[in-house]
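Chemist: Sharing a structure below in structure tokens format, with a few things to ask.
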Amino acid sequence: MDAITPSSGRGARWRDYRSKSRDLAVDQRHETSARFSDFLTTALLKDGWWPLIHGDQATWLLELARRAPLPAGLNVDEIDLIHANHFFVLPLVERMLEKRRVPVLLDTHDIQARQYELRNRAEFFIPPYTRYDEMLAVELDWTRRADVCVHINAEEHATFSRLLPTSRHELIYPSIAPASSHEAIGSRAMLVASNNAANYLSVRWFLKNVLPRAPQTPVSILGDIDKGVKRNDRKLYEKHRDLFKGRVGDIQAAYADAAVVLLPTTEGHGLSIKTVEAMSTGLPLVATSMAFRGMGIDPARLRNVFIADDAIAFATAMLRAMGERGDPIASDTRALYEERFSSDGYASRLGEIAIKLMGAVSKDGSLSPRRSLARYDEQERLSETTRNQIAPVLSKRRQISKAR
């Protein structure tokens, strides 16, 4: 858990996590997190909380993982492979492995420093503010320790390959559950968004600049983005409060009421999950180019997609798309979804990489040709350019840490 909780497995965050992860196919669950009692220690206040109040979310999350206890009942000697879902869980992985040679796959989920920088715009921190390059330096310093970096979109793969050229990189598009296609197409334009900084900016742009140019279009905004708009722009929320439907229990049924799916993305990094989900419906999509970031495709070639990157064009495309009718199952976006984002394809690709990694462990327990996660020399896997960028920042951070 990437947050402080009363104790491992207890608290509202754990209940929320379990409710959202019931579909995980696992034989055992082992839960751990930093605890409230850790927050009272001088070490976490100095090494984690102090950087956080200046905007350093990367260091904060690493320090939480560093203090999470090993789960009771976990037999680390039975572990043959670790699949880590973020760089900031790797301190926990290091403690689990100690001197054992176990291969580690790491999901990167785009450059997280970009996400932190975006969040920092909407949250309160005190100067001196942590810079993007400082958080990136920390992120790369940990990412390079994994044996294989798994990237979920083409842009992310290219970026990390450039920043860490001697690391091993693999591109695996994620498996995303499809939204049902329906023979009876609905009558509304649907916009789905969770509550985060990028979605807030995108929805705000749509409400302020696009919708006034197509005021008769019936629009429904689903997801808890209503909370973000209400908190950040109460006047805008009150003006359009009837459009917000909040979080829905059955997103599949909600799509049945849609004639068009709207993707007015103006901010964001990494592959857009809601874009992939929208593609799976087979419905007409009205989107900005940014909505298709990281997919390595030209969305303008998809016949049921209308690309519009300014407000006037978006409103015009929305009106046009509302009059379109076609077979969702036979649509270009549905075909692309089946080809690239199916669960079978993801499992097969990941399995190939995992088998090769486990087969690389020699009889003496060493990892060949790669060594264990925690034993890489600090500089050996960085290019000269990246070393020159990161080394001064890391050196400065160590000096500050010693001075505190």
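Read the figures in this text as sums done on the coordinates, not as results from a lab. The model shown is predicted, which means the values in this text are computed figures rather than measured ones. As a convention, Cβ positions derive from the backbone with ideal geometry for all residues, glycine included, and neighbour counts pool all protein chains shown.
Chemist: Could you calculate the contour length gain from K99 to S348, that is, 0.36 nm times the residue separation minus the distance between their Cα atoms, to one decimal place in nm?
Modeler: Length gained between K99 and S348: 86.6 nm.
Chemist: Efficiency by 1/(1 + (r/R0)^6): what FRET value for R22 and S194, r their Cβ-Cβ distance, R0 = 25 Å, to the nearest 0.05?
Modeler: 0.85
Chemist: Next up: Place the peptides 192-198, 172-178 in order of packing, highest mean first, counting for every residue the other Cβ atoms within 10 Å and averaging per peptide.
Modeler: Result, highest mean Cβ count within 10 Å first: 192-198, 172-178.
Chemist: Go through region 96-108 residue by residue and turn each phi into a ³J(HN,Hα) via Karplus (6.51, -1.76, 1.60, θ = phi - 60°); whole Hz please, and just put x for glycine and proline.
Modeler: Coupling constants for region 96-108: 5, 7, 6, 9, 6, 9, 10, x, 10, 9, 10, 7, 8 Hz.
Chemist: Oh, and also: With Kirkwood's inverse mean 1/r over C-alpha pairs for Rh, give me the Rg to Rh ratio of region 188-341, two decimals please.
Modeler: Ratio value, two decimals: 0.93.
Chemist: Right, next: Considering every Cα-Cα pair within the chain, what fraction, in whole percent, is farther apart than 30 Å?
Modeler: Looking at the chain, the distances longer than 30 Å represent 48 percent of pairs.
Chemist: Now for a separate question. What FRET efficiency would be calculated for the residue pair K208, R247, taking the C-beta separation as r and a Förster radius of 25 Å, to the nearest 0.05?
Modeler: The formula returns an efficiency of 0.60 here.
Chemist: Please enumerate, by chain and number, the aspartates and glutamates with C-alpha under 20 Å from the C-alpha of K208, excluding those fewer than 8 residues away in the same chain.
Modeler: In chain and number order, the partners are D224, D226, D233, E238, D242, E267, D309, D310.
Chemist: What's the FRET efficiency of S289 with D233 using the Cβ-Cβ distance as r and R₀ = 35 Å, to the nearest 0.05?
Modeler: 0.90
Chemist: Hey, another quick one. Can you tell me which of R168, R188, R22 moves the most in a GNM of the chain? Springs connect C-alpha atoms under 10 Å apart.
Modeler: R22
Chemist: Compute, for region 188-341, the length of the dipole vector about the Cα centre, with Cβ point charges of +1 (Lys, Arg) and -1 (Asp, Glu) only. Units Debye, rounded to 20.
Modeler: Here the size comes out at about 560 debye.
Chemist: Which residues in region 235-269 have a backbone N closer than 20 Å to a point placed 7 Å from the Cα of A122 along the Cα-to-Cβ line?
Modeler: Within reach of a label on A122: 235-248, 262-269.
Chemist: Next question. Between R325 and A313, what is 0.36 nm times their sequence separation minus the Cα-Cα distance? Round to one decimal in nm.
Modeler: So the chain would gain 2.3 nm between R325 and A313.
Chemist: With an 8 Å Cα cut-off and a minimum separation of 6 or more residues, compute the relative contact order for the chain in percent.
Modeler: 16 percent
Chemist: Here's a follow-up. Using the structure shown, select from K46/K230; K239/K274; K46/K356; K20/K99; K20/K230 the pairs with a Cα to Cα distance greater than 32 angstrom.
Modeler: Long pairs (Cα-Cα over 32 Å): K46/K230; K46/K356; K20/K99.
Chemist: Would you mind calculating the gained length between D77 and Y129 on full extension (0.36 nm times residue separation, minus the Cα-Cα distance), in nm to one decimal?
Modeler: That works out to 14.5 nm of additional length.
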